[in-house]
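The values are calculated or read from the model by the stated rules, or taken from the named source; none is laboratory data. Since the structure is predicted, the reported quantities are computational estimates derived from the model, not experimental observations. All Cβ positions, glycine included, derive from the backbone under ideal geometry; neighbour counts span all protein chains shown.
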Amino acid sequence: MRRVTFAVDYPPSLAHPMHRRLDESAVSRAELLMWGPMDTVTTLAWYDGTPGAVRSLLDPVESITAVDLVAGDGGTYAFVHQTEYELGAPVLDLVADSGVVFLPPVTFEAGGRARVEAVGESEFLAEFHADLREHVDATVERVADFRRWSTPAVDVTPRRHEALAAAVAVGYYDVPRTGSVADVAAELDCAASTAGELLRKGEAALVRGFVGRPRRQS
């Protein structure tokens, strides 16, 4: 089986109301972590903003009936209850009828872009991609074999996570590499030496978590 990361650019007519409001709020990213069965419409998400900013982002969404906010991990977790998902009907129907499985998180970014990972057989993934492109601008960012490895336990601070995310965005981990530490520093608005240190420490935590070895005490 294959694991594919899709980048999807939603037009305002198909985007969730929360997603459309990201451009106007103090929150720039939302990560949908868990979602309930279609008939309960209960989700758990993480936002890169304060509880107050998240409340301001979500309150105007009319389908939301209740929100519970908990600060954590450099942002805010939100348990959200809705009367309907409010994603554009063509895309929602496509997701419900597809022959692939979707993995959390689904990441929503300011500007209308979302990133989602799907797992399935190549023919079904290709079919999903083709059907998706009939409604939105969707590109394939990454393709890999799917493995049933558990998620490695890692301890990455929010700032190091931000640096790693910036490095991915600027192409620092592309093969061949298309971005530099200086590019990461520009994204973070910090010195190149600081960006380099954040990347090294973040990478070290990821590798230790992946191989399952604790940090050696000096």
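Observations on the structure shown:
- Subset of the range 116-159 (residues that are at pLDDT 90 or above, of a type outside the set (Gly, Ala, Ser) and in a helix (DSSP H, G or I)): Glu123, Phe124, Leu125, Glu127, Phe128, His129, Asp131, Leu132
- Residue in the range 187-202 that is surrounded by the most Cβ atoms within 10 Å (Cβ to Cβ), counting only those that are touching a residue at least 12 places away in the same chain (Cβ under 8 Å) and farther than 10 Å from Arg159 by Cβ: Ala195
The rows are residues; the columns are (1) closer than 26 Å to Ala130 by Cα; (2) of a type in the set (Asp, Glu); (3) at pLDDT 95 or above.
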site	(1), (2), (3)
Thr5	yes, no, no
Met38	yes, no, no
Thr42	no, no, no
Gly49	no, no, no
Leu58	no, no, yes
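- Here Ala96 does not qualify as surrounded by 11 or more Cβ atoms within 10 Å (Cβ to Cβ), in contact (Cβ under 8 Å) with a residue 40 or more places away in the chain and either in the same structural domain as Asp48 (by TED's automatic domain parsing) or not in a helix (DSSP H, G or I) (or both).
- Sole residue being surrounded by 15 or more Cβ atoms within 10 Å (Cβ to Cβ), out of contact with any Ser or Thr (no Cβ under 7 Å at 6 or more places or on another chain) and either assigned by TED's automatic domain parsing to the domain that holds Glu134 or modelled with pLDDT of 90 or more (or both), chosen from Leu69, Leu87, Leu32: Leu87
- Test result for Val136, free of Cβ contacts under 8 Å to residues at least 24 places away in the same chain and either under 16 Å from Thr5 (Cα atoms) or among the hydroxyl-bearing types (Ser, Thr, Tyr) (or both): no
- Test for Ala165: is it outside any loop (DSSP other than H, G, I, E, B), of a type outside the set (Ser, Thr, Tyr), without any contact (Cβ under 8 Å) to a residue 12 or more places away in the chain and not assigned by TED's automatic domain parsing to the domain that holds Arg29: yes
- Any hit, the range 20-39, residues being of a type in the set (A, V, I, L, M), in a helix (DSSP H, G or I) and under 18 Å from the mean Cα position of the chain (by Cα): yes
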